Amino acid sequence: APQSAAKDWALALHRAPEVLILGAGPETPMLIPMLRSLGWRVHVAERRARWRDAAGPRADLLDLHPDDAVAAHPHADVALVMHHGFESDRDALAALAGSRIPFIGLLGPARRRDDLFKLLRPAERDALSGRLHAPVGVPQCGRGPEAIALSIATQLQQWRGTRSR
């Protein structure tokens with residue numbers, strides 16, 4: 001073939017977005033498959049035996065403290081703090097303050113966020129500013145685990161869409 005017929009081309013491959021879920025709960029069995037079906041890579045860090053099964057049999061389940069889970073996934077796009085436990089959520093927020101994860105979602109009402117922030121150091125609060133979405137999820141999406149999972153997945157997809165432009 002003549003040289004003039006040869007064309008140079010490039011193929012850009014983007015990595016799948018990655019979410020690190022810190023703490024499993026009633027929303028997790030719906031949220032994980034929903035996010036996976038939307039193209040997210042999902043990792044769940046859960047140390048409590050009671051909730052480990054909630055992540056499901058196919059989950060990338062990490063038996064790690066939040067500090068270690070965040071260190072193991074420094075390039076995650078999203079971290080969701082969903083322990084349903086005050087001390088565990090505080091530990092997770094403190095660990096995430098030192099990360100570069102751009103989107104951090106905290107489950108629960110604004111008052112809970114405010115109470116957690118009172119226990120964080122000022123430098124940790126400052127480090128989370130602008131990245132923390134609390135409460136995580138689309139407002140007024142309904143009650144119950146299924147609706148909460150849907151609202152979180154919707155917010156993550158909206159955020160993902162704004163970043164890919």
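The values are calculated or read from the model by the stated rules, or taken from the named source; none is laboratory data. It should be emphasised that the depicted structure is a prediction, and the values quoted were computed from it without experimental measurement. No Cβ is skipped: glycine too gets one built from the backbone with ideal geometry, and neighbour counts run over all protein chains shown. Side chains are part of the model used for accessible areas, which takes the heavy atoms of the whole protein and leaves out ligands, DNA and RNA. Shrake-Rupley method; radii C 1.70, N 1.55, O 1.52, S 1.80 Å.
Has the stretch 49-57 got any residue that is modelled with pLDDT under 95, crowded, with 19+ Cβ neighbours inside 10 Å and within 15 Å of the chain's Cα centre (by Cα)? Yes, some residue in the stretch 49-57 is modelled with pLDDT under 95, crowded, with 19+ Cβ neighbours inside 10 Å and within 15 Å of the chain's Cα centre (by Cα). Filtered by the rule that a residue be in a helix (DSSP H, G or I) and within 22 Å of Ala76 (Cα to Cα), the stretch 114-137 gives Ala123, Glu124, Arg125, Asp126, Ala127, Leu128. Of all the residues in the stretch 119-141, those that are loosely packed, with under 11 Cβ neighbours inside 10 Å and under 17 Å from Leu31 (Cβ atoms) number 0.
Any idea which residue in the stretch 71-101 is modelled with the highest pLDDT, counting only those that are touching a Phe, Trp or Tyr at 6+ places or on another chain (Cβ under 9 Å) and open to solvent by 10 Å² or more (accessible area, probe 1.4 Å)? Per the criteria, the residue is Asp77.
Does Arg160 satisfy being open to solvent by 30 Å² or more (accessible area, probe 1.4 Å), of a type outside the set (S, T, N, Q), closer than 23 Å to Ala45 by Cα and in a helix (DSSP H, G or I)? It is true that Arg160 is open to solvent by 30 Å² or more (accessible area, probe 1.4 Å), of a type outside the set (S, T, N, Q), closer than 23 Å to Ala45 by Cα and in a helix (DSSP H, G or I). Among the residues making up the stretch 15-26, those that are out of contact with any Asp or Glu (no Cβ under 6 Å at 6 or more places or on another chain) and open to solvent by 10 Å² or more (accessible area, probe 1.4 Å) are Arg15, Ala16, Pro26.
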